[in-house]
1. Within region 466-502, can you find the residues that are under 35 Å from the mean Cα position of the chain (by Cα) and among the β-branched types (V, I, T)?
2. How about region 108-117: which of its residues are open to solvent by less than 60 Å² (accessible area, probe 1.4 Å) and at pLDDT below 85?
3. Only residues that are in contact (Cβ under 8 Å) with a residue 12 or more places away in the chain and open to solvent by 30 Å² or more (accessible area, probe 1.4 Å): list them for region 5-22, please.
4. Need at least 3 residues that are within 22 Å of I484 (Cα to Cα) and modelled with pLDDT under 85 per element, so show me which helices (runs of 4 or more DSSP H) inside region 502-563 make the cut, counting only ones lying wholly within it.
5. Can you find a residue that is open to solvent by 80 Å² or more (accessible area, probe 1.4 Å) and either under 24 Å from A19 (Cα atoms) or assigned to a helix (DSSP H, G or I) (or both) anywhere in region 118-126?
6. Across region 83-99, which residue is least open to solvent (accessible area, probe 1.4 Å) among those that are in a loop (DSSP other than H, G, I, E, B) and of a type in the set (A, V, I, L, M, F, W, C)?
7. Might you check whether a residue that is in a helix (DSSP H, G or I), among the aliphatic types (A, V, I, L, M) and surrounded by fewer than 22 Cβ atoms within 10 Å (Cβ to Cβ) occurs anywhere in region 470-478?
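The values are calculated or read from the model by the stated rules, or taken from the named source; none is laboratory data. Keep in mind that this is a model prediction, so the values were computed, not measured. In this analysis, Cβ positions are derived from the backbone assuming ideal geometry, glycine residues included, and neighbour counts consider all displayed protein chains. Note: accessible area is taken over every heavy atom of the protein model, side chains too, but ligands, DNA and RNA are not part of it. Shrake-Rupley method; radii C 1.70, N 1.55, O 1.52, S 1.80 Å.
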Amino acid sequence: MTMSSLINILVLEDDPAHADLMILELRRAGIALDWRLVSTEREYLEALDPEIDVILADYSLPGFNALAALEHLAQSGLAIPFIVVTGMLGDEAAVDCIKQGATDYLLKDRLKRLGPAVARAVESRRLALDRERAKEQLRRSEQAAAEALQQANARLERNVQERTRALSEANARLRAQIAERQKVEEQLRQAQKMEAVGQLSGGVAHDFNNLLTSIIGNLDLALRKEGDEKVARLLRQALTASERGARLTAQLLAFGRGQMLATASVDINQLVSGLEAMLASTLTPAITILLAPDARLWPALADSTQIELALLNLAINARDAMPTGGTLRIATRNVAPDDPALPGDLTGAAGYVALVVSDDGAGMAETVAKRAFEPFFTTKEVGKGSGLGLSMVYGVVKQLGGTVTLESAPGRGTTVAIYLPRADIALAKLIDERVETALPINGVASPVLVVDDDPLVRDTTANWLREFGYDVLEADSGPSALAILDGNSKVDILVTDLVMPGMHGYALASEARLRRPGMPVILITGYTGFASETGLDEREFPVLHKPFRPSELAGIMISCLRN
């Protein structure tokens, strides 16, 4: 994103370091700017000027806050975009800011949103000013036309008609420009609405994940013990329905906020095969699905849920590109490190697994294809596409260490190739073998402390671990867990929920490591937003995402104890 003209920014911030970070992020985003820093109410009032393009303000300052700054701005009569950039902002405070007239708000640990937010605000203001100038120009044109008509009573009828026609054409052009600007504003409002819905859906999915974890876990345990085939069939159907619910919550979380990726060794052929029925129901009957899997495909290092969502997004785009029918081709293949087809931005020594999705639809022009992965870019009508599908695919794959390429031309269809890193085959085989036998690594019944404030999830997790042969202790809070650690020296690994009242799991993990240096800790969560708010790094503590299967729990236990 770049902005060709220089914009003037007023920064209301009492910490110069935070102000420097915001300005650095804007410059990284390609925004040419001139800025001024103020930190007090008096400085702010003196700095208000019609030449300012946008105001960036911290929510809380000494003796002053963003709400008061918004009130002063309203009293000044200046229509300047006002963006709140703060370290932590609750829902109520955020709503108050928006009601008071704030253009947008975002958290300081998500400054990558700052560039697009400033660009939107400045562009919206410029559109508004252009609209006012257009209206004034129209008013003056109409006034001039009226005066010309009054003065032209004595002129020939032909001259009057020519003048009237010229004015009508000018008015039509102006109205067309206004209509185009209104269309752009509607697209921006649609994007903001989708973001708000995503935040709401993420909260609902978090609570639903706790229920699904207990349901899936108990169904899985029941299947291990059930001997009646009729009952087992019913249990498998219930388990399949629960797993569909888990995929739905994953979609809600991906839509609502950036995902913490649960990377693992994934069989992409199996993933595609498992989605074939869902893809068939998503596409129209006039579209044929052709699968071309590589029988010797390597395992990929990926998040299976996110790759499923990516494949569904690509299938939906293909469906929209083939309204009268066609063929959707899904192929997989291995790509060696020295393969000439490997994109230049990939350098993995072990190679990559390619998932290639092709259609024979309308295709894209070169200018459209170049922007296909940009957030909010879409060629669909308002309400029929968010412009987030391909950008979400690209973001997830890049986060996994791969990349995405797109080839398209008008009348020749579109091909999207997803490149995923090859997984560690030895580790994947070890996990598969240990899960199959349901035994702890090396056959040792390591003592495990399970911590969760939700008794359903805690009981389910503890029961699984006991089935695997571990000795299990349970606690319903962080302080209770620390008391057990202080009084019991036979705890080899800590498994704790991430979001708990009082002491959250990240704080408990840190305290536990102080008491037991080097002790493996596994964090369990169904809420991805917490991780971005606290700066949690999955390389420090592995994270297991709800809802999970016993095999996933066994695998991460083995991986932790193995390391």
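1. I493, V495, T496, V499
2. Within region 108-117, K108 is the sole residue that qualifies.
3. Listed by number, the residues that qualify are S5, L6, N8, D14, D15, P16, H18, L21.
4. Fully inside region 502-563 and qualifying: 550-562.
5. Of region 118-126, the ones open to solvent by 80 Å² or more (accessible area, probe 1.4 Å) are 123.
Cutting the leftovers down to either under 24 Å from A19 (Cα atoms) or assigned to a helix (DSSP H, G or I) (or both) gives us 123.
Yes, region 118-126 has at least one match.
6. L89
7. In the first step, residues of region 470-478 are kept if they are in a helix (DSSP H, G or I); the result is 478.
With the extra rule that they be among the aliphatic types (A, V, I, L, M), the set shrinks to none.
No - not one qualifying residue is present in region 470-478.
One line per residue, one yes/no per condition, for (1) open to solvent by 100 Å² or more (accessible area, probe 1.4 Å); (2) at pLDDT below 80; (3) in a helix (DSSP H, G or I):
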position	(1), (2), (3)
A148	no, no, yes
N159	no, no, yes
E162	no, no, yes
R165	yes, no, yes
S168	no, no, yes
A176	no, no, yes
A179	no, yes, yes
K183	yes, yes, yes
L188	no, yes, yes
